[in-house]
Amino acid sequence: MDIPNLIDISRIEKQTAAIACTDQNICLSGGIRSAKTWTAILKGLLLLQLVPGNRGFIGRLDGKDLRLSTMRDFDEICPNSWISKRNDQLGYI
């Protein structure tokens, strides 16, 4: 995979299990800042990498939460070279 080695996921047992899970649907639950969003973003990017031409969607009920937390986490994980279009004001990449 071409995802940068920013974080050693082998040290995060539950998140590693969720990323490796092959079930069609998974549920990520936990407290605030327990890496649910980070795990979902990384898993989504890995799946997009495996299926050429595929598209992904990451959403939040509240747009403020999307811009303040989810997009920040996405920027930490996703290589800039993978992003073709971005609008921070409207909250899409």
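State which residue is farthest from the chain's Cα centre (by Cα) when the search covers only segment 62-82 and only residues that are part of a loop (DSSP other than H, G, I, E, B) and at pLDDT 85 or above.
By that ranking, first place goes to Pro79.
Restricting to segment 33-44, name every residue that is out of contact with any helix residue (DSSP H, G or I) (no Cβ under 6 Å at 6 or more places or on another chain) and either at pLDDT 90 or above or among the small types (Gly, Ala, Ser) (or both).
Result: Ser34, Ala40, Gly44.
Name the single residue, out of those in segment 21-40 being without any contact (Cβ under 8 Å) to a residue 24 or more places away in the chain and of a type in the set (S, T, N, Q), that is surrounded by the most Cβ atoms within 10 Å (Cβ to Cβ).
Ser34
Against the conditions (1) basic (Lys, Arg); (2) out of contact with any Leu (no Cβ under 6 Å at 6 or more places or on another chain); (3) open to solvent by 70 Å² or more (accessible area, probe 1.4 Å), where does Lys43 fall short? Just the number, please.
Lys43 satisfies all of (1) basic (Lys, Arg); (2) out of contact with any Leu (no Cβ under 6 Å at 6 or more places or on another chain); (3) open to solvent by 70 Å² or more (accessible area, probe 1.4 Å) except (3).
How about segment 61-75: which of its residues are within 15 Å of Asp88 (Cβ to Cβ) and either among the small types (Gly, Ala, Ser) or surrounded by fewer than 16 Cβ atoms within 10 Å (Cβ to Cβ) (or both)?
Gly63, Lys64, Asp65, Arg67, Leu68, Ser69, Arg72, Asp75
Can you find a residue in segment 29-41 that is part of a helix (DSSP H, G or I), aromatic (Phe, Trp, Tyr) and out of contact with any strand residue (DSSP E or B) (no Cβ under 8 Å at 6 or more places or on another chain)?
yes
Does Ile58 satisfy the criteria of being closer than 21 Å to Ala17 by Cα and open to solvent by 60 Å² or more (accessible area, probe 1.4 Å)?
yes
Which residues, counting only those in segment 70-93, are within 13 Å of Ala40 (Cα to Cα) and among the polar types (S, T, N, Q)?
Of everything in segment 70-93, just one residue is within 13 Å of Ala40 (Cα to Cα) and among the polar types (S, T, N, Q), namely Thr70.
The values are calculated or read from the model by the stated rules, or taken from the named source; none is laboratory data. Source: prediction; values computed, not measured. Heads up, the Cβs are rebuilt from the backbone with ideal geometry, glycines too, and the neighbour counts pull from every protein chain shown. The area values use the complete protein model at the heavy-atom level, side chains included, leaving out ligands, DNA and RNA. Shrake-Rupley method; radii C 1.70, N 1.55, O 1.52, S 1.80 Å.
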